[in-house]
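My structure is below; once you've seen it, I'll send some questions.
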Amino acid sequence: MSQQTAGVAWPVTDGTRVPYEIYTSQTVFDREQERIFRGPLWNYVALEAEIPEPGDYKTSFVGDTPVVVSRAQEGSLHVFVNRCAHRGATVRREASGNAKEHRCVYHQWCYDGRGDLTSVPYRRATTGFGGYSPDFDMTAHGLRKLKVASRNGMIFATFGGNVPSLEEYLEAPLLAAIDRLMARPVKILGHMRQRIKGNWKLYVENTRDPYHAALLHGFHATFGTYRSNQPGFRGQDKARAHSAGGKYGDDFAKPATAEGIGQDNFIASYSLSDTSLMEGRPDFDDNINLAITSIFPSVVVQQIMNTLATRHIRPKAPDDFELYWTYFGYQDDDEATTAARLKQANLIGPAGLISMEDGEAVELIQRAIVRDGDDCAFLEFGPVDPDPEQDRKGEDAVRAFWRYYQGIMA
């Protein structure tokens, strides 16, 4: 049975074939903004730890729509479109800050931390200049507001009116993954931004794909942070929009060996000039040294040894997205632990010793498929179970994502 997505035909609906045009079409991209990012889904926008004080704000995105994430003076959380209600200019141009008001530079319309309009220059005509109608309603001209929810300090927002609760949207395995990493009060360590010339869904696939991890990332296998033959765990919601998984690791101080790697991409000639990079200490008592939680559509939450971060996916065009990394630790970390987290931030990021390859892999695909939209990606590593509920091996999480995507976009 075939299906259409914004004019693109899927040869099958089981997720084993993905038309390359899905990654290149402007029509598809525009439909995604409507159905996914502005639809009845929850989108990650920030951590509460980034706006801890009254008046704090951070600029962010829901899809390609700019938003402001704000903590109002009384402490409540708000998300509103970063576009003046007067003429559509960007209101907040800074990445973050603290302010009692948000004032548009163009005509000085002013809004509070809730996005409500509080003042308009020349609202009443003086000496024959300016003025609005006597029935001008300030409450009707605030910034467009989104519905907001937070789970253990992770802030989500949605344009959708009739949406399930955030807890219903995520379901138990994803809630457990968030609660595990956010069980202690968080402190922000820093940010990185990465622009990738590829389609945002290629990165969504990447974070659900265990097939590549020990093959593409030589560092993983060589230094023991991830090996295919390590025991692991997986979890997902019923619709399988989201994915949570990871590996149980060796002792943090135990070096990798060729015997331990098996068939993986072990590079015997590689060594570290600074071995303290791998001198971490367990944050949890569950022996998990790698956990990747992918929440559709817009965020990945990571623990790789002691480096903790959210990766916010911000689509810009069919062949362009930004990855915004927020690194964090815990407020009760001692100096040595914070130092270890900061050093290990060099593992995961735009030029990370591990994750640098992911962005390059995305761009390699995007450049190669641009003229052959009718051809398809092949996703049958598994093997594939014809019953979607039993499809639980290999590339199954990627196939499940595509089945969910087709349902939203049909």
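Which residue is modelled with the highest pLDDT, if the candidates are limited to region 190-242 and must be open to solvent by 30 Å² or more (accessible area, probe 1.4 Å) and assigned to a helix (DSSP H, G or I)?
Taking the candidates together, the pick is Leu216.
In addition: In region 7-40, what count of residues is obtained for those that are among the polar types (S, T, N, Q) and surrounded by fewer than 18 Cβ atoms within 10 Å (Cβ to Cβ)?
Matching residues across region 7-40 total 4.
Return the residue satisfying two criteria in turn: it lies in region 41-57 and is aliphatic (A, V, I, L, M) and more than 21 Å from Phe296 (Cα to Cα), and of such residues it is most open to solvent (accessible area, probe 1.4 Å). Break it down into steps so the answer makes sense when it comes.
Going residue by residue through region 41-57, those that are aliphatic (A, V, I, L, M) are 41, 45-47, 49, 51.
Those still in the list that are more than 21 Å from Phe296 (Cα to Cα) too: 49, 51.
On the way: Ala49: 32, Ile51: 0 Å².
Across region 41-57, the extreme among qualifying residues is Ala49.
Of the conditions (1) under 28 Å from Ala397 (Cβ atoms); (2) open to solvent by 10 Å² or more (accessible area, probe 1.4 Å); (3) assigned to a helix (DSSP H, G or I), Ile267 satisfies every one except a single condition; which number is it?
(3)
Can you tell me which residue among Asp332, Asp385, Asp358 is acidic (Asp, Glu), surrounded by fewer than 16 Cβ atoms within 10 Å (Cβ to Cβ) and touching a residue at least 40 places away in the same chain (Cβ under 8 Å)?
From the options Asp332, Asp385, Asp358, the qualifying one is Asp332.
Please verify whether region 14-25 includes one or more residues that are free of Cβ contacts under 8 Å to residues at least 24 places away in the same chain, part of a strand (DSSP E or B), more than 22 Å from the chain's Cα centre (by Cα) and farther than 14 Å from Met409 by Cβ.
no
Identify the single condition in (1) assigned by TED's automatic domain parsing to the domain that holds Gly245; (2) of a type outside the set (Asp, Glu); (3) at pLDDT 90 or above that Phe401 does not satisfy, given that it satisfies every other one.
Going through the list (1) assigned by TED's automatic domain parsing to the domain that holds Gly245; (2) of a type outside the set (Asp, Glu); (3) at pLDDT 90 or above, Phe401 breaks only (1).
Right, next: Can you give me the number of residues within region 83-142 that are open to solvent by 80 Å² or more (accessible area, probe 1.4 Å) and outside any loop (DSSP other than H, G, I, E, B)?
The qualifying residues number 4.
Okay, residues lined up against (1) open to solvent by 20 Å² or more (accessible area, probe 1.4 Å); (2) touching a helix residue (DSSP H, G or I) at 6+ places or on another chain (Cβ under 8 Å); (3) free of Cβ contacts under 8 Å to residues at least 12 places away in the same chain; (4) assigned to a loop (DSSP other than H, G, I, E, B):
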{"position": "Glu167", "(1), (2), (3), (4)": "yes, yes, no, no"}
{"position": "Leu174", "(1), (2), (3), (4)": "no, no, no, no"}
{"position": "Ile178", "(1), (2), (3), (4)": "no, yes, no, no"}
{"position": "Ala183", "(1), (2), (3), (4)": "yes, no, no, yes"}
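The values are calculated or read from the model by the stated rules, or taken from the named source; none is laboratory data. Predicted, not measured: the structure shown is a model, and the values here were computed from it. Here Cβ is always computed from backbone atoms with ideal geometry, including for glycine, and neighbour counts include all displayed protein chains. What goes into the accessible areas is simple: the full protein's heavy atoms, side chains included, and nothing from ligands, DNA or RNA. Shrake-Rupley method; radii C 1.70, N 1.55, O 1.52, S 1.80 Å.
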